[in-house]
Structures are given as C-alpha cells and as structure tokens.
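Trainee: If you scroll down you'll find the structure; I have some questions about it.
The values are calculated or read from the model by the stated rules, or taken from the named source; none is laboratory data. From a predicted model like this one, the values you see are computed outputs, not experimental measurements. For neighbour counting, all protein chains shown are included, and Cβ atoms are generated from backbone atoms with ideal geometry for every residue, glycine included. When the accessible area is computed, the model is the full protein with side chains, heavy atoms only, and any ligands, DNA or RNA have been set aside. Shrake-Rupley method; radii C 1.70, N 1.55, O 1.52, S 1.80 Å.
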Amino acid sequence: MTPFARNQWYVAAYGSEVGRELLARTVLGEPIALYRTEDSDTVVALADRCVHRRFPLSESRLDGDRVVCGYHGFTYDTTGTCVQVPGQKRVPRTARVSSYPTVEQDSFVWIWIGDPALADPLTIPRAEHLVRPGWTTVRGMEPIDADYGLLVDNLLDLSHETYLHGGYIGTPEVAETHITTEVDEAAGVVRVGRHMDDAECPPFYARSTGIEGRISRKQDIEYHAPCLYLLHSRITPVGQDSPAFLTEITYAITPSAEGKVYDFWAVSRDFAVDDAELSSFLRDFNHTVVMQDVDALNLLQTALDAEPGPYQELSINIDTGGLAARRILARLADR
Ligand code: FES
Ligand SMILES: [Fe+2]
C-alpha cells in the first residue's frame, strides 16, 4: 500500500458541493463532516464523530454555524468545541472534536489532516484555469476502491490511453511516442511530456475542435505530489501552428482510506465556451473515459489483494514518471 503523507493539502470536495447541508467525506482515513458558515465565507471541516457516542455529525443538523448532533444534541461550534450538552449546564472540558484547516481555492476545498501548525496555504498548488475568466470546465468525482498509488501510476503513464481508452482518447501514436521525464525532487513535482507530430485525431478532440484529419498532439503532465495532477493538452492540425486548441485536464487524487481514493476530474477549455452541447458531450465522454480507469483500477486492486505476499513488478521506460512519483510520495510520507 502507498503510505499516506499527512502533512499535505488534499482536495476534500468541490466548493460547489459544500453548502448548508452537511457533507461526509473520508480523507486519509479520517471521517470528516463539511459545511459552509451562514455568511458563506468559510468551509468548516469537523471530525465526523460525536464525542458522546460517536454518532456521525454529517447525519446531524446545523443551527446557524453550529452542528447539533442528531442523536442526543451535543452542540459544536466551528472550532469543534462542544458548547452545549443536554440535561446539564456544565459542558465537560474534553468535549471537542477535531477541526481541520481548509482553504477554498480554484474551485476546490483543500483540507489539511496533519499537524495544523504546519498548514501553510501558500504551499497549495494552483489550478487557476478552473476559475479563469474566458474558460469553462466540466467536472465530476468518482470514488475508486484502489490504493491511491495505483491512480497516480495510471495518470503518470498515458500510454495506457492506446489500450484502455482506444477509440475514445487513445490512438496508436500515444503508446508509440517516447516520453520525456523531469523530476524536481525538492518541489515534489514530476513532469512527463509526450509530443506527437503526426497523429490520428481521437473522437474526444475531433468533436471538440472540429479538426478533420491528422493532428499534432502535445501532452504535458505536471504532477504536484501528492494531490494535484495537471495535463496540458495542445492540439493543432498536423504541420500547422494554428488554430491551436488548449485543453487543461485536471485531477485531484485524494486518498480516502486504505485501498480507497477519490478521483476528482475536470476538463477545461478556452474555446467554444458557450457551446452547451459541446460541454455536455465532453462531460459524458470524459466520464466514460474516467469510468474505464475506475473499472480497471478496481479490477487491478482485486487482483493484487488476491495475491499473498509482496509481488514482483517489471518496469520499463514508460514507468519513469510513475516511479519518480512513488519515490516522492514515500519521502513525503516519511516526514
Ligand atoms: S452521540 Fe452525539 S449526542 Fe449522543
Ligand atoms: Fe486513463
């Protein structure tokens, strides 16, 4: 299993998912209840277990900015301090649940599970295209029953597009074209580039760009360990510099519990932004592609679980980025 790096920021939700209804998520094995304060400004994240009998606070109700436990009414403020208990004036001194630092940025709610004293919002990697004026985004989130390391592996090696996503986003050239890998160990960033000069145009891009015929296709991955993955995808008609179509594909990889991961995905574009039909095509199409990965990773995890001991892998060139990511994740978890 890939170890968890606790002192890191993770995406807990899209900002649009968090409102005046309590939302349950589990991050790094910690059950969390999320809600938005009445003034809308703050996303509160509390441990999702009442101190009294561990009832899930996410199944409770809000009273203003306070959570009232749905079982016997222990009432918590936004810091997780219990301010009221039933049947007595005195609130036990130890009656509090953990509250986790959150930051809302680039349409995500980021959460910090580790030592709150180390939580520096300036270290959160950016995905500004998700909120940039003149851009539009389709998005979703799929939970997967797999070690989050398997999703990191999957995303850092796109040669699987040719096989797992053939006829969708994969064409023979993806797997055939060699990659360049750059690793910034100190910053925890892995970059994998694959530039195809003359490639078949897969349906995903044929429909979205209107290009007929062959394309030059650039895939530049930027993985900011542990959570944020950006794929800059640039398409032009073969041999031409324009028109160029830039699509930003974003993933947030949030380990939920052991063997479970949240797969947040988004596709952003700066062309045909008002074309609702294209947006709906991209949403459905990308959802299908994501589900191909989800099914494959569920299957892979089941197969790995069925094996008794440590198993042997055989890595090749395409795995360079994924192996670098594993090294960085191991180091971050060690800290
Ligand atoms: S379990 Fe929450 S008040 Fe009893
Ligand atoms: Fe995939």
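Trainee: Which of the residues belonging to the stretch 33-63 are within 16 Å of ligand 1 (Cβ to nearest atom) and either within 17 Å of residue 103 (Cα to Cα) or acidic (Asp, Glu) (or both)?
Mentor: Filtering the stretch 33-63 down to residues within 16 Å of ligand 1 (Cβ to nearest atom) leaves 33, 46-63.
Those that are within 16 Å of ligand 1 (Cβ to nearest atom) and either within 17 Å of residue 103 (Cα to Cα) or acidic (Asp, Glu) (or both): 33, 46, 47, 48, 59, 63.
Trainee: Let me ask another. Looking only at the stretch 242-288, count how many residues are surrounded by fewer than 19 Cβ atoms within 10 Å (Cβ to Cβ) and closer than 22 Å to residue 145 by Cβ.
Mentor: 6
Trainee: So, of the residues in the stretch 49-61 that are charged (D, E, K, R) and assigned to a loop (DSSP other than H, G, I, E, B), which turns out to be nearest to ligand 2 (Cβ to nearest atom)?
Mentor: Of all residues in the stretch 49-61, those charged (D, E, K, R) come to 49, 53-54, 59, 61.
If we keep only those that are assigned to a loop (DSSP other than H, G, I, E, B) too, we end up with 49, 53-54.
On the way: 49: 35, 53: 43, 54: 38 Å.
Per the stated criteria, the residue is 49.
Trainee: Next question. Would you confirm whether or not the stretch 200-207 contains a residue that is of a type in the set (Phe, Trp, Tyr), surrounded by fewer than 16 Cβ atoms within 10 Å (Cβ to Cβ) and either at pLDDT 95 or above or assigned by TED's automatic domain parsing to the domain that holds residue 304 (or both)?
Mentor: Start the filter on the stretch 200-207 by keeping residues that are of a type in the set (Phe, Trp, Tyr), which leaves 204-205.
Then drop every residue that is not surrounded by fewer than 16 Cβ atoms within 10 Å (Cβ to Cβ), which leaves none.
There is no residue in the stretch 200-207 that is of a type in the set (Phe, Trp, Tyr), surrounded by fewer than 16 Cβ atoms within 10 Å (Cβ to Cβ) and either at pLDDT 95 or above or assigned by TED's automatic domain parsing to the domain that holds residue 304 (or both).
Trainee: Among the candidates 188, 134, which residue alone is surrounded by fewer than 15 Cβ atoms within 10 Å (Cβ to Cβ), in contact (Cβ under 8 Å) with a residue 24 or more places away in the chain and either closer than 20 Å to residue 218 by Cβ or small (Gly, Ala, Ser) (or both)?
Mentor: Working: 188 fails: surrounded by fewer than 15 Cβ atoms within 10 Å (Cβ to Cβ).
Of the residues listed, the single one that is surrounded by fewer than 15 Cβ atoms within 10 Å (Cβ to Cβ), in contact (Cβ under 8 Å) with a residue 24 or more places away in the chain and either closer than 20 Å to residue 218 by Cβ or small (Gly, Ala, Ser) (or both) is 134.
Trainee: Still on this structure: Just to be sure, is residue 122 surrounded by fewer than 16 Cβ atoms within 10 Å (Cβ to Cβ), over 28 Å from residue 279 (Cβ atoms) and at pLDDT 95 or above?
Mentor: yes
Trainee: If a residue has to be under 28 Å from the mean Cα position of the chain (by Cα) and open to solvent by 10 Å² or more (accessible area, probe 1.4 Å) to count, how many in the stretch 56-84 make the cut?
Mentor: So the first thing to find is which residues in the stretch 56-84 are under 28 Å from the mean Cα position of the chain (by Cα), and the list is 56-62, 65, 67, 78-80.
This time we only want the ones that are open to solvent by 10 Å² or more (accessible area, probe 1.4 Å), so: 56, 58-62, 65, 78-79.
Qualifying residue count, the stretch 56-84: 9.
Trainee: Now a separate question. Small (Gly, Ala, Ser) and buried (at least 20 other Cβ atoms within 10 Å of the Cβ), is that true of residue 166?
Mentor: Working: small (Gly, Ala, Ser): yes; buried (at least 20 other Cβ atoms within 10 Å of the Cβ): no.
Considered against the rule, which asks whether it is small (Gly, Ala, Ser) and buried (at least 20 other Cβ atoms within 10 Å of the Cβ), residue 166 comes out as no.
This table checks each residue for (1) in contact with a Gly (Cβ under 6 Å, 6 or more places away or on another chain); (2) part of a helix (DSSP H, G or I); (3) under 30 Å from residue 111 (Cβ atoms).
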position	(1), (2), (3)
204	no, yes, no
217	no, no, no
221	no, no, yes
229	no, no, yes
232	no, no, yes
240	no, no, no
243	no, no, no
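Trainee: Still on this structure: Kindly indicate whether any position in the stretch 137-144 is in contact (Cβ under 8 Å) with a residue 60 or more places away in the chain and either within 16 Å of ligand 1 (Cβ to nearest atom) or more than 16 Å from residue 293 (Cα to Cα) (or both). So that I can check it myself, show each step before the final result.
Mentor: Looking only at the stretch 137-144, we keep the residues that are in contact (Cβ under 8 Å) with a residue 60 or more places away in the chain, and these are 137-144.
Filter again for either within 16 Å of ligand 1 (Cβ to nearest atom) or more than 16 Å from residue 293 (Cα to Cα) (or both), leaving 137-138.
Yes, the conditions are met somewhere in the stretch 137-144.
Trainee: Sticking with this structure for a sec: Within the stretch 22-48, track down each residue that is in contact with a Leu (Cβ under 8 Å, 6 or more places away or on another chain) and in a loop (DSSP other than H, G, I, E, B).
Mentor: 22, 48
Trainee: May I pose another question? Please go through the stretch 294-318 and give me each residue that is within 15 Å of ligand 2 (Cβ to nearest atom) and under 22 Å from residue 189 (Cβ atoms), ordered by number.
Mentor: Our first condition is that a residue be within 15 Å of ligand 2 (Cβ to nearest atom); within the stretch 294-318, this holds for 294-300, 318.
Passing the criteria: only 318.
Trainee: Pairs only if they're at least six apart or on different chains, beta carbon under 8 angstrom, first in the stretch 292-317 and assigned by TED's automatic domain parsing to the domain that holds residue 258 and at pLDDT 95 or above, second in a helix (DSSP H, G or I) and away from ligand 2 (no atom under 16 Å from the Cβ); list them, first residue then second.
Mentor: 315/323
Trainee: Quick test for you: out of 107, 98, pick the one residue that is in contact with a helix residue (DSSP H, G or I) (Cβ under 8 Å, 6 or more places away or on another chain) and among the small types (Gly, Ala, Ser).
Mentor: Values: 98 fails: in contact with a helix residue (DSSP H, G or I) (Cβ under 8 Å, 6 or more places away or on another chain).
Checking each option against the conditions leaves just 107.
Trainee: If you don't mind, another one. Looking at (1) more than 20 Å from residue 158 (Cα to Cα); (2) touching a Lys or Arg at 6+ places or on another chain (Cβ under 8 Å), which one does residue 264 not meet, given that it meets all the others?
Mentor: Every listed condition holds for residue 264 apart from (1).
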